[in-house]
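Enquirer: Below: one structure in C-alpha cells.
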Amino acid sequence: IEKVLFLPAQVAPHKLGKTVTDPIHRYAMLALATQDEPKLAVSTFEIEVANRRYTVDTLDHFLRTAGDTSDLFFIMGADSWVEITTWRDWRRLLTMVNLIVVTRPGYELIGPAEVSDRIVDLRSNGKQVVPYEHGQKIYLTDVVMKDVSATQIRSVASKGRYDELAMLLSPPVVEYIEKYGICQESNED
C-alpha cells in the first residue's frame, strides 16, 4: 500500500442523535497525528458536505477518481466488520474494493457467511488462508502497532488524565485534546 488516506466522517449514520466530537476537531487531530508520516494523509471529502454519510458512496467517488490503474483497499476495524450487514448497500460495498479488517489478537471475528470464500486470514492464529482467484478480497489481520481503542482514548480524555493519554497518543494530539476539551462530554462508544 503506497498511501493511507484517513477520511473522518461528518457524522456516521449509527451515531446520529448522539453527542460526538465535531468533524473539524477529528480532522485536526488526524492531521496532527499524521503530519510526520509522508505515506499518511487526511481527506476532508466526507466532512465537506453535511449529508454525505455512506461509505459505499465515498468508495464510489474514490474509485472514479483513482481510475483503473489503482488497486484500492478499505481499512476498517473489527467492530465495524461485525456490523457490516447493517451498512447501506453492503453487498455492493464488498465488491468495490479489497477490505482490510483489523482486529486485536485473540478477537473472534464473524462476518457474513456469503463472503467467507473471499477471506484471506492473516491473523497470527489464522485458521485458513483461502487463495481467492477472482474479485475483491477481505484480509483479516491482527497486526496492530498499539493495542488501544478509541473508546479507551475517549474514556481517559473525558477524565482529564492527560499524562495517561500521552502514553496512547502523540504529543501534538494530546495537547490539542487538552486545549479544546475534546471528549469531555462525549458518548461516542
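The values are calculated or read from the model by the stated rules, or taken from the named source; none is laboratory data. Please read these numbers as outputs of a predicted model, since none were measured by experiment. Positions of Cβ are backbone-derived with ideal geometry, glycine not excepted, and every protein chain shown enters the neighbour counts. These accessible areas exclude ligands, DNA and RNA; they are computed on the full protein's heavy atoms, side chains included. Shrake-Rupley method; radii C 1.70, N 1.55, O 1.52, S 1.80 Å.
Enquirer: Round to the nearest 10 and report in Å² the accessible area of E164, as given by a 1.4 Å probe over the protein chains' heavy atoms.
Expert: For E164, solvent-accessible area is about 60 Å².
Enquirer: What distance in nm separates the simple spin-label points at D79 and D117, each placed 7 Å from Cα in the Cβ direction?
Expert: Calculated label separation equals 3.4 nm.
Enquirer: So with the 1.4 Å probe, I'd like the accessible area per residue for the chain, rounded to whole Å².
Expert: 61
Enquirer: Let me ask something else. Can you give the FRET efficiency for T86 and K146, using 1/(1 + (r/R0)^6), R0 = 35 Å, r = Cβ-Cβ distance, to the nearest 0.05?
Expert: 0.80
Enquirer: Quick one: pull the percent of accessible area on the range 1-124 belonging to carbon and sulfur, 1.4 Å probe, ligands and nucleic acids left out.
Expert: 51
Enquirer: Ok, one more. In the range 25-108, what trypsin sites (Lys or Arg not before Pro) fall in a loop by DSSP, with at most 11 other Cβ atoms inside 10 Å?
Expert: Answer in residue order: K39.
Enquirer: For Kirkwood radius over Cα pairs in Å, which listed value, (1) 16.7; (2) 18.1; (3) 17.3, comes from the coordinates shown?
Expert: Of the listed options (1) 16.7; (2) 18.1; (3) 17.3, (2) comes from this structure.
Enquirer: Return the long-range amide H neighbours of L99 (sequence gap of 5 or more, or a different chain), with a cut-off of under 5 Å between placed amide H atoms.
Expert: Excluding prolines and chain starts, which carry no amide H, the hits are F74, K137, I138, Y139.
Enquirer: I'd like to know which of P38, T86, T55 lies farthest towards the positive end of the charge dipole of the range 1-110, counting +1 on Cβ of Lys and Arg and -1 on Cβ of Asp and Glu.
Expert: T86
Enquirer: Could you grab the relative contact order for the chain? Cα pairs under 8 Å, six or more apart, rounded to a whole percent.
Expert: 20
Enquirer: Can you send over the solvent-accessible area of D79, 1.4 Å probe, protein chains only, in Å² to the nearest 10?
Expert: 100
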